[in-house]
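Visitor: Could you have a look at this structure, given as structure tokens, before my questions?
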Amino acid sequence: MKTAIRTLLTSGGLLCAAGAAALDITDPFLCAVSQVNECLDGFGCEAVLPEAVNAPTFIWVDVKKKQIRTNHDSTGSRISNIKELDGRHVLQGASDGTGQSVDGAGWTLSIEDETGRFVGAIALQQASITIFGACTELELE
């Protein structure tokens, strides 16, 4: 069944070759979260919906401004470290939290240059959240 669907989509031109359009991180881009895992010290890890752990569904990234936001209007978090490493860019930062948070968190996004796929980790007090997804250029007109 999967082969039939893949053949249908490919023949219809809906699937592109992997890496056909590499992600240019010099311009603002948008990442969509596709999977979230929550890990709690002493309890292990489980897959959860983003809203179950207050994780974003979309992430706006502007490397030039060194800013990452979880919605268009938020002030976001500052990117404090940017490293190019083996075909991917690693972005890192920390957020101090708010009155609604227990405390702040450190975070890392590792984005593959050729595919735009990413893995993100958010380290909290005795817990972590791992997110997976893909990024694409953000067309601003």
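Coordinate-derived values only; no laboratory data. If you're wondering where the values come from, they're calculated on a predicted model, not measured in any experiment. Positions of Cβ are backbone-derived with ideal geometry, glycine not excepted, and every protein chain shown enters the neighbour counts.
Visitor: If each of V119 and S74 carries a label point 7 Å out from its Cα toward its Cβ, how far apart are those two points in nm?
Guide: 2.3
Visitor: Further question on the same structure: How compact is segment 20-137 by the rule of thumb for globular proteins, expressed as Cα Rg over 2.2 N^0.38 Å? Write down the numbers at each step before the final one.
Guide: Values: Rg = 13.9 Å, N = 118, 2.2 N^0.38 = 13.5 Å.
In units of the globular-protein estimate, segment 20-137 measures up at 1.03.
Visitor: What distance in nm separates the two pseudo spin-label positions at E137 and L49, each 7 Å out from Cα along the beta-carbon direction?
Guide: 3.4
Visitor: So, counting K/R as plus one and D/E as minus one, what does the shell of residues with Cβ under 11 Å around H89 add up to?
Guide: -3
Visitor: Moving to a separate point now. From the residues T26, C45, T136, which one has its Cα farthest along the dipole of segment 20-137 in the positive direction, the dipole being from +1 and -1 charges on Cβ of Lys/Arg and Asp/Glu about the Cα centre?
Guide: The residue sitting most towards the positive pole is T26.
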